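Derivation of every value follows stated rules applied to the coordinates shown; laboratory data play no part. Everything numeric in this text was worked out from a predicted model, so none of it was measured. Here the Cβ is made from the backbone with ideal geometry for all residues, glycine too, and neighbour counts use every protein chain on show.
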Amino acid sequence: MALDEETRARLSGVSTATLTTCLFKRGFRNVFLQDVHPVAPGGPRMVGEAFTLRLIPAREDLDTMAVYADPDHPQRKAIETCPAGHVLVIDSRGDPRAASAGDILIARLKARGVAGIVTDGGFRDVAGIARLGFPAYHRRPSAPPGVVFHHAADFGLPIGCGGVAVYPGDVMVGDEDGVVCIPAHLAAEVAAEAVETTLYEEFVEERVRAGDPLPGLYPASEASRAAFALWRNSRGR
């Protein structure tokens, strides 16, 4: 199921915290990628369908710098194949000892209209990546070239990233807290609920700043829902 623009817009305005709560209500506990952080906190948010790339451990007779000259090398092919509006998600086995990508490859993704890149490994040239203003998430910086520890095996298949199962087409959302993976078939309904939840939490934050206690307010009660409805109507929302 393709990600429609209304759902994309809704997901762009809600937090990963809210989304993980909405998914937990549906029985999904393991959707937040572990030890994956924005290269540049405060950068643009990320929303897009997953396009997956799998790295396995390198082997000395196969993985040299020469492999990058092959246009069919799976990493290079993924960079040129990942569709616009999608997120390139790299299974690096949680190994940041060598880079999964660097600023030049990521600049190419940006130029092609890709929505972001995520790995549970590391990126090199992180200062250059930060200057791109492009959503990029990793475990930590890693200067060595990828072939030192990684062999690009294939793309477009289910992977694990940050301890989470990611299937092609799942919807990846990233903010300053990190990255959540939303099963594709749930994206629209989760997005709609998250927008409503975010609006209620805005109301709650306003009441808390005014001195209201949490009981009966958060979680919502019948009385707080009535007050919220009035608050919402008064603001035309």
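Once the Cβ-Cβ distance of Glu222 and Glu196 is raised to the sixth power relative to R0 = 22 Å, the FRET efficiency obtained is 0.85. Can you tell me the FRET efficiency between Phe24 and Val148 if r is taken as the Cβ-Cβ distance and R0 is 41 Å, rounded to the nearest 0.05? The pair Phe24/Val148 has a calculated efficiency of 0.60. If you run the Gaussian network model on the chain, springs between alpha carbon atoms under 10 Å, then out of Ser15, Ser100, Ser224 the most flexible one is Ser224. Along segment 156-167 the Karplus relation, 6.51 cos²θ - 1.76 cosθ + 1.60 evaluated at θ = phi - 60°, assigns HN-Hα couplings of x, 10, x, 9, x, 9, x, x, 10, 6, 10, 9 Hz to successive residues, with x for each Gly and Pro. Averaging Cα coordinates gives a centre for segment 182-237 and one for segment 53-113; these two points are 41 Å apart. Answer rounded, prolate or oblate for segment 44-175, using the Cα gyration tensor with square roots of eigenvalues a ≥ b ≥ c: rounded when a/c is under 1.5, else prolate when a/b is larger than b/c, else oblate. Note, shape of segment 44-175 comes out rounded.
Take the Cα of Arg235, go 7 Å toward its beta carbon, and the backbone nitrogen atoms of segment 166-195 under 16 Å from that spot belong to 194-195. Sorting Phe155, Phe228 by the number of Cβ atoms found within 10 Å of their own Cβ, with the fewest placed first, yields Phe228, Phe155.
Between beta-carbons, use under 10 Å as the cut-off and find the net charge around Ser224, counting Lys and Arg +1, Asp and Glu -1.
Counting the neighbours of Ser224, the net charge comes to 0.
Please list log₁₀ I(q)/I(0) at q = 0.12, 0.16 Å⁻¹ for segment 129-237, using the Debye equation with identical point scatterers on the alpha-carbon positions. For the requested q values the scattering log ratios are -0.69, -0.93.
Starting from the coordinates of the alpha-carbon atoms of the chain, obtain the Kirkwood hydrodynamic radius over all distinct pairs and give the value in Å to one decimal. Here the Kirkwood hydrodynamic radius works out to 18.8 Å.
Counting only DSSP beta bridges whose two residues both lie in the chain, roughly 60 percent are antiparallel. For segment 125-171, rounded, prolate or oblate, judged on the Cα gyration tensor with a ≥ b ≥ c (square roots of eigenvalues), a/c < 1.5 rounded, else prolate if a/b > b/c? Taking the square roots of the gyration eigenvalues as a ≥ b ≥ c, segment 125-171 is oblate.
Sorted fewest first by neighbouring Cβ atoms within 10 angstrom, His185, His86 come out as His185, His86.
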